[in-house]
Structures are given as C-alpha cells and as structure tokens.
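This report concerns only the one structure given below.
The values are calculated or read from the model by the stated rules, or taken from the named source; none is laboratory data. As the structure is a prediction and not an experimental result, all values here were calculated from the model. FYI the Cβ positions are ideal-geometry reconstructions off the backbone, even for glycines, and counts take in every protein chain you see.
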Amino acid sequence: MRPVELVNETINLNHTDRIPVDLHNFTVAAEGLGRSYSEIFHSGELMARSQIEQWEKFGHDMLLLENGTAAVAETLGCEVVYPDDNPPRLTGPAISDLEEVSSLPHPDPTVDGTLPELLKATSLVKDELDDQFVMGRGDQGPFSLASMVLGMERFLMEMSKRENLGAIEELLNHCREVIETYIRAQMEAGADGSSIGDSIAGPDVCNPDFYREFALPQEKRLFEGLNKDYNRPISLHICGDATNIVPEMIDSGAEILELDYKIDQEKVRGLVEDEVAFLGPLDPVLLGSGSPERVYKRTEELLSLWGSHGGLIFGPGCAMNAGTPEENVKSMIKAVRDHTPENEEGDE
C-alpha cells in the first residue's frame, strides 16, 4: 500500500498492516540544509528540498509543510521577523482596536507574504514524492489568528468584557475567510490534506468556555465550507492539555486531531475511538533530548495504549526542536515499524 493510501485508510479509521509515521519537523528540516532559516523560509524551493532530504533519511509517510505560525498573520499586517537561526516570530499585532477590523486586507495567497512560497513548496514536494501524504498546513485557526491580529492580551480581554461581541465575531469571521482561502490554495497546489493550529483557544491559555463559544463555531464553519468542495482531510492541532475539550474538538468536524503528550492518554484514547483519527503523541522534548533507548521505550508504551486504534498516525505531538538527533528519530520510527497493530475485528 502506498503511504498516501495508508494514511487515508488510517484517517478513515480502517485497520492497516502498519501504523503510518509523521514528522512535524520544519525547523529540523531547515537546519539540515545548513543555510539561514530566514533564507529557507522565504523560498519554496529550499523548503521543498529540506523536506525531501528529511524523507530520504527517514522514509516517513506524512510530510507536514510550513514555515512557522506567522505566515498568514503577516499577510494581515502583523509585524513578523525572520531570524537567521530561529523560526519566524510575531512582534506586533496588525490592529490596536476592534474598530479597525473593517480595514483588514483580504490577502491573496498566490501573491502575498511567504504564502506563494509555501504553496510552491507543496507543489514541488508532491511532484517529487507523489506516493507520500503531503500535508499543506493552513497555518492558524480563526481564534488563534484573531488573537495575533489584535494582540492576545487585548483579544482575551475583549472577550472577557463582552462589550464588543459583534466586532469580535466580525474579526473571527474575517480570519476564518482568510484561512479558508489559503487552505483552498493549498489543495489546488496538490496537498493531500491540510491543518490548522488553534492552540491559543486551548485550556493551557484560556478558559475552555472561550473555546466552546468563540473558537468551535468558527472551526465548524471552516471545515464545513472546505468539505463541500474537497474530499481531503483537515487536521486540528491544539497544544497543551486539551483533554477537557476533546469532545468539542471531535464535534468540530476535523478528521484528525493533533494532540500532544500533556493530554490524559487513556481518557483521550477512549474519547476518540471510532470517532476520529489521532496524530501524535510523543513528547518532542524527549525526542530531542532523550537517548535512542528511551525514545524507543516510550514509543512502545504509547503504541501499547494506542496501537489498536485504527486511526493512529504516530509522531511527535508538536513541532520537533532543532537539534533533534537523527538517531532518536530513527529509533522512534523503528519502534513503530516493529509494532504489529492489533485488529480487534480480526483480519479483513
């Protein structure tokens, strides 16, 4: 079975003869080229080459393409810097008041910021590695993007005050429309699927009620709009301990949940079973700083818990740290390859 077929079967919750592997590795990939991050993250050719070289080393099934968390925010007017030795960093919001929402631009992902280069990277990788599952990330979710546009402290304060709910909804709607336009461009560029990160809406940052009231409805509308035109999966990523909002994340309509090591593994395993595919959940810090033996053992432990779930895509639960040793990545992949998935329904 081709890896792209393997991943799609997994997303459809079908048992397969092996578990697919993902690497959330955009900084590790960039580091491997030996050039400045700023140069790489402004070049579709270099981003594509970095990911292809990583695949040549590790042979993983799913490739996640991105250049950080600020690409879409930059096209809306946020201040972003591109260091030579770190991922892009947001340094300032696009607006200072909700009254300015109507002045926000409607960026064209084929022209504005680094989005054209990200689309180029998607096309180049898919052309070169057609058998692999290529995830052209859609960057941030509506809630997280809105917090970047207004500034997180101001955004959360405005929601708490509840005096400008109409303007907050206008901002969220604008951000959702911008994200949807970009994800559609990723699909047209050849992506096998896409994803959003809405971590600022997660319990590690704000009250779960904010997620339910403000983030979830926007995610639902985003996924519904895309599913009408594309039969390709969308993934939802929320960092931290998102255990308490997993039922709502399932209700969002995302086909894949990306959750990290902080979750209650057993509880979440029971929640997602027969509901949605799951990507993760190895601790990227352990992957980056532990020994190969510890990485192998922890991977085995997680596979013992998750391995019989037909929807498991194994990998780090969040972005890998630069400097992650190749030996550790190979140890994780070996543990997954050594594992025989349990099919509770018997052989097909």
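Do we have any residue at all in the stretch 235-242 that's small (Gly, Ala, Ser) and under 20 Å from residue 12 (Cα atoms)? Break it down stepwise before answering.
Taking the stretch 235-242 and keeping what is small (Gly, Ala, Ser), we get 235, 240, 242.
Next, only the ones that are under 20 Å from residue 12 (Cα atoms) stay: 235.
Checked the stretch 235-242: at least one residue is small (Gly, Ala, Ser) and under 20 Å from residue 12 (Cα atoms).
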Does residue 19 count as surrounded by fewer than 19 Cβ atoms within 10 Å (Cβ to Cβ) and touching a strand residue (DSSP E or B) at 6+ places or on another chain (Cβ under 9 Å)?
no
Residue set 115, 124; condition within 18 Å of the chain's Cα centre (by Cα), within 20 Å of residue 39 (Cβ to Cβ) and at pLDDT 95 or above; output residue 115
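Looking for whichever is surrounded by 18 or more Cβ atoms within 10 Å (Cβ to Cβ) and at negative phi here; the options are 24, 42. Which one fits?
On the way: 42 fails: surrounded by 18 or more Cβ atoms within 10 Å (Cβ to Cβ).
Within the list 24, 42, the selection yields 24.
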Suppose we filter the stretch 106-155 for residues that are of a type in the set (Lys, Arg) and out of contact with any strand residue (DSSP E or B) (no Cβ under 7 Å at 6 or more places or on another chain); how many remain?
2
Could you check the stretch 36-46 and list, in sequence order, the residues that are without any contact (Cβ under 8 Å) to a residue 60 or more places away in the chain and touching a Leu at 6+ places or on another chain (Cβ under 8 Å)?
39, 40, 46
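Does residue 238 count as surrounded by fewer than 22 Cβ atoms within 10 Å (Cβ to Cβ) and of a type in the set (Val, Ile, Thr)?
Working: surrounded by fewer than 22 Cβ atoms within 10 Å (Cβ to Cβ): no; of a type in the set (Val, Ile, Thr): yes.
Criteria not met by residue 238.
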Taking the stretch 188-217 as the search range and keeping residues that are touching a His at 6+ places or on another chain (Cβ under 8 Å) and closer than 20 Å to residue 177 by Cβ, which one is surrounded by the most Cβ atoms within 10 Å (Cβ to Cβ)?
196
Per the list (1) without any contact (Cβ under 8 Å) to a residue 60 or more places away in the chain; (2) in contact with a helix residue (DSSP H, G or I) (Cβ under 8 Å, 6 or more places away or on another chain); (3) among the β-branched types (Val, Ile, Thr), residue check on residue 111 breaks on (2)
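If you go through the stretch 325-333 one residue at a time, do you hit one that is over 16 Å from the mean Cα position of the chain (by Cα), of a type in the set (A, V, I, L, M, F, W, C) and closer than 21 Å to residue 8 by Cα?
Here is the first cut: in the stretch 325-333, the ones over 16 Å from the mean Cα position of the chain (by Cα) are 325-333.
Then drop every residue that is not of a type in the set (A, V, I, L, M, F, W, C), which leaves 329, 332-333.
Okay, now just the ones that are also closer than 21 Å to residue 8 by Cα, so 333.
Among the residues of the stretch 325-333, at least one is over 16 Å from the mean Cα position of the chain (by Cα), of a type in the set (A, V, I, L, M, F, W, C) and closer than 21 Å to residue 8 by Cα, which makes the answer yes.
For the stretch 259-274, which positions are part of a helix (DSSP H, G or I) and of a type in the set (A, V, I, L, M, F, W, C)?
Result: 268, 271, 272.
Can you tell which of 267, 220 is basic (Lys, Arg) and either surrounded by 20 or more Cβ atoms within 10 Å (Cβ to Cβ) or closer than 19 Å to residue 140 by Cα (or both)? Walk me through it before giving the result.
Working: 267 fails: either surrounded by 20 or more Cβ atoms within 10 Å (Cβ to Cβ) or closer than 19 Å to residue 140 by Cα (or both).
That would be 220, the only listed residue that is basic (Lys, Arg) and either surrounded by 20 or more Cβ atoms within 10 Å (Cβ to Cβ) or closer than 19 Å to residue 140 by Cα (or both).
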Residue 58: passes all of (1) of a type outside the set (Lys, Arg); (2) over 20 Å from residue 127 (Cα atoms); (3) touching a Lys or Arg at 6+ places or on another chain (Cβ under 9 Å) but (2)
So which pairs qualify, if the first residue must be in the stretch 47-69 and in a loop (DSSP other than H, G, I, E, B), the second must be crowded, with 24+ Cβ neighbours inside 10 Å and basic (Lys, Arg), the Cβ gap must be under 8 Å, and the two must be at least 6 apart or on different chains?
66/137
Among the residues of the stretch 55-77, write down those that are buried (at least 23 other Cβ atoms within 10 Å of the Cβ) and within 20 Å of residue 2 (Cβ to Cβ).
60, 61, 62, 63, 64, 65
Restricting to the stretch 70-103, what's the tally of residues that are in contact with a Gly (Cβ under 8 Å, 6 or more places away or on another chain), of a type outside the set (Ser, Thr, Tyr) and part of a loop (DSSP other than H, G, I, E, B)?
6
Cross-chain or 6+ apart pairs with Cβ under 6 Å, the stretch 239-263 first and at negative phi and free of Cβ contacts under 8 Å to residues at least 24 places away in the same chain, then buried (at least 21 other Cβ atoms within 10 Å of the Cβ) and assigned to a helix (DSSP H, G or I)
257/249
Please identify the pairs in which a residue from the stretch 197-218 that is more than 19 Å from residue 151 (Cβ to Cβ) has its Cβ atom under 7 Å from the Cβ atom of a residue that is outside any helix (DSSP H, G or I) and hydrophobic (A, V, I, L, M, F, W, C), counting only partners at least 6 apart or on another chain.
203/242
Within the stretch 6-21, the residues that are in a loop (DSSP other than H, G, I, E, B) and either at pLDDT below 95 or among the charged types (D, E, K, R) (or both) are 14, 15, 16, 17, 18
If you take the residues of the stretch 104-136 that are part of a loop (DSSP other than H, G, I, E, B) and among the hydroxyl-bearing types (Ser, Thr, Tyr), which of them is farthest from residue 82 (Cα to Cα)?
110
